[in-house]
Amino acid sequence: MKQYSFSFNPGMLEDFKKILPANRSKKILKNYLINEYELPEPLSELQQPINDIVIQPYWMTESEINKLDRLIKQANTKGFSLSRSSIMRDVMKNLVEKYQNNPIQKSEQHRQTFKVPTGTKSRLSLLVAERELTYELSSFIMDGYIPSNDFPSMRNQEQEDLNFKTDIEVFEKMDEIASEYGFKKGGRAKIFRDALSQYEALLQSNPPKKEALKQELKYILEEYRSIEDVPVIKEQIQKYLNE
């Protein structure tokens, strides 16, 4: 499983997160993309530009990325150039329409305050919006987290509180992992800090916004190349970078 970033319309993404609970949304998205989703007609609908974008990382399996790339090739044979993001936007739109009038039963919520190393919250605030942290971290714990086998004690570290409220299934997943490692008292907190540390490291090494913009730039350049000569495109890009 690898992290990929996509660009979405902010309103659509917010609706998706409201309608589908964090502990189940990724599994539902994966199943729909692989087993149900097909390109719409007309394909021109997927080429509509979006003015406001928000960058969203997702943990994707090889089969999911392969499906996206097959759909891109399928569109190319019909004379349409699509990006992974444009397809994912359509996938999300379809899921919102599917569940908005038939909402999934909400999970029980649980809240806990964890001790984390001082400075953690300020670093995270530079990488992910505070209102998004709970959802993103919950999704990571459920779908992407693999314990590091390194659980340092907080005893001699400066600490700050981090409040975490999410679906109870996320806490149950942490307890399950803690039990596998033989942790008793404080096991959930150890797993939470390990997951949080991994999540922060991933954001630092692969900023979602940078990756998504690279994907969008590739899409734009492919579109531009279909109507303009490459030397002219290079000249325009160089001119822009030198301004």
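Summing Lys and Arg as +1 and Asp and Glu as -1 over all other residues whose Cβ lies under 14 Å from the Cβ of N76 gives a net charge of +3.
For the pair E36 and R123, label points projected 7 Å from Cα toward Cβ lie 4.0 nm apart. Summing +1 for each Lys or Arg and -1 for each Asp or Glu among the other residues whose beta-carbon sits under 13 angstrom from that of F171 gives -2.
In this calculation the C-beta distance from T77 to M12 is compared with R0 = 25 Å, giving a FRET efficiency of 0.35.
Packing-based ranking of 55-63, 88-96 yields 88-96, 55-63, ordered from highest to lowest mean Cβ neighbour count within 10 Å.
Label point of N163 set 7 angstrom out along Cα-Cβ; within region 96-112, amide nitrogens under 13 Å from it belong to 111-112. Rolling a 1.4 Å probe over the protein heavy atoms gives region 128-240 an accessible area of 63 Å² per residue.
Computed about the Cα centre, the dipole magnitude for region 40-97 is approximately 180 debye when only Lys and Arg (+1) and Asp and Glu (-1) carry charge, each at its Cβ.
Residues in region 5-127 average 52 Å² of solvent-accessible surface per residue, probe 1.4 Å, ligands and nucleic acids excluded. Enumerate the residues in region 143-157 having an amide nitrogen under 16 Å from the point lying 7 Å beyond the Cα of S179 toward its Cβ. Answer for this model: none.
Nonpolar atom fraction for the chain, defined as the carbon and sulfur part of the 1.4 Å probe accessible area, stands at 48 percent. Between E130 and S205, the modelled label-to-label distance comes to 2.9 nm, taking each label 7 Å out from Cα in the direction of the beta carbon.
Which value at 222 nm does the chain reach when only helices count, each DSSP H run of 4 or more adding -39,500 (n - 2.57), with the total divided by all residues and rounded to the nearest 500 deg cm²/dmol? Don't skip to the end; give the middle numbers.
Working: 10 runs with 138 residues, N = 243.
Here the helix-only value at 222 nm equals -18500 deg cm²/dmol.
Pairs of Lys residues in region 127-243, spaced 8 or more positions apart or belonging to different chains, with C-alpha separations under 23 angstrom: 15 in total.
Potential lengthening of the chain between I28 and Y224 amounts to 67.1 nm, from the contour at 0.36 nm per residue minus the alpha-carbon distance.
The values are calculated or read from the model by the stated rules, or taken from the named source; none is laboratory data. All values reported here derive from a predicted model rather than from experimental measurement. Ideal geometry is used to build each Cβ from the backbone, glycine not excepted, and the neighbour counts take in all protein chains shown. For accessibility, only protein heavy atoms count, side chains too; no ligands or nucleic acids. Shrake-Rupley method; radii C 1.70, N 1.55, O 1.52, S 1.80 Å.
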